[in-house]
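**Q** One structure, pasted below without further comment.
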Amino acid sequence: MTTVSAPHDGRRYEVLEGRLLITGAQPPAHHAAVVALMIRLKHACPADLLVAVNSLDYRPDLNTTLRPDLLICHRTDAGPHLLTAPPVLAVEVLSPTTRTTDIVLKRAVYEQHGIQSYWLLDPTTQELTILDLTPTGYTCQAVIQSEETFHTTTPFPLTLTPADLTK
């Protein structure tokens with residue numbers, strides 16, 4: 001099998017069931033939300049877990065390679081650029097160009113491959129949706145809006161407010 005590196009042109013290249021998905025450069029609000037959430041996650045993250053920001057490809061099978069905006073995985077599972085074990089948490093920051101892919105397609109793949117938690121952060125509406133995997137699929141645990149505060153212990157103790165992540 002030949003591996004071809006994606007060009008460094010500001011776009012994201014992913015493969016879903018053998019189909020190439022190309023996402024254009026994201027708006028500043030998207031990047032600001034990713035960075036704000038990354039900082040919060042890194043400060044709370046225990047040493048045995050790794051917070052990766054658009055730097056690890058999650059490859060659950062040979063026909064699928066996804067790159068969440070943020071993911072948390074066990075350090076022992078992470079290779080230099082690739083993760084084949086399910087991350088503990090996948091986070092997607094929604095934008096007009098990724099909304100359908102994130103809410104429908106990626107949710108289904110993450111659910112199918114056993115990612116325990118999936119978060120969707122919408123910087124436009126200042127809304128954070130928390131999905132946790134149950135035996136029947138993802139269940140919405142919470143939808144936190146604007147100034148509301150969310151306390152979680154999964155994947156580790158953390159307190160978040162969507163407005164603080166999207167300013």
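**Q** Within the stretch 149-167, track down each residue that is part of a loop (DSSP other than H, G, I, E, B) and either open to solvent by less than 90 Å² (accessible area, probe 1.4 Å) or at pLDDT below 95 (or both).
**A** Those that are part of a loop (DSSP other than H, G, I, E, B) and either open to solvent by less than 90 Å² (accessible area, probe 1.4 Å) or at pLDDT below 95 (or both): 149, 153, 154, 155, 156, 161, 166, 167.
**Q** Across the stretch 25-68, what is the number of residues that are open to solvent by less than 70 Å² (accessible area, probe 1.4 Å) and touching a Gly at 6+ places or on another chain (Cβ under 7 Å)?
**A** 0
**Q** A further question on this structure: When you scan the stretch 113-127, how many residues do you find that are β-branched (Val, Ile, Thr) and open to solvent by 30 Å² or more (accessible area, probe 1.4 Å)?
**A** Qualifying residue count for the region: 2.
**Q** Here are some conditions: (1) β-branched (Val, Ile, Thr); (2) open to solvent by 10 Å² or more (accessible area, probe 1.4 Å); (3) within 13 Å of the chain's Cα centre (by Cα). Residue 130 meets all but one. Which one does it not meet?
**A** Among (1) β-branched (Val, Ile, Thr); (2) open to solvent by 10 Å² or more (accessible area, probe 1.4 Å); (3) within 13 Å of the chain's Cα centre (by Cα), the lone unmet condition for residue 130 is (2).
**Q** Mind checking which residues of the stretch 71-112 are open to solvent by less than 50 Å² (accessible area, probe 1.4 Å), modelled with pLDDT of 95 or more and assigned to a loop (DSSP other than H, G, I, E, B)?
**A** 85, 87, 88
**Q** Looking at 143, 93, 109 in this structure, which one is in contact with an Asp or Glu (Cβ under 7 Å, 6 or more places away or on another chain), within 19 Å of residue 16 (Cα to Cα) and either β-branched (Val, Ile, Thr) or touching a residue at least 60 places away in the same chain (Cβ under 8 Å) (or both)?
**A** Matching residue, one of 143, 93, 109: 93.
The values are calculated or read from the model by the stated rules, or taken from the named source; none is laboratory data. The model shown is predicted, which means the values in this text are computed figures rather than measured ones. Heads up, the Cβs are rebuilt from the backbone with ideal geometry, glycines too, and the neighbour counts pull from every protein chain shown. These accessible areas exclude ligands, DNA and RNA; they are computed on the full protein's heavy atoms, side chains included. Shrake-Rupley method; radii C 1.70, N 1.55, O 1.52, S 1.80 Å.
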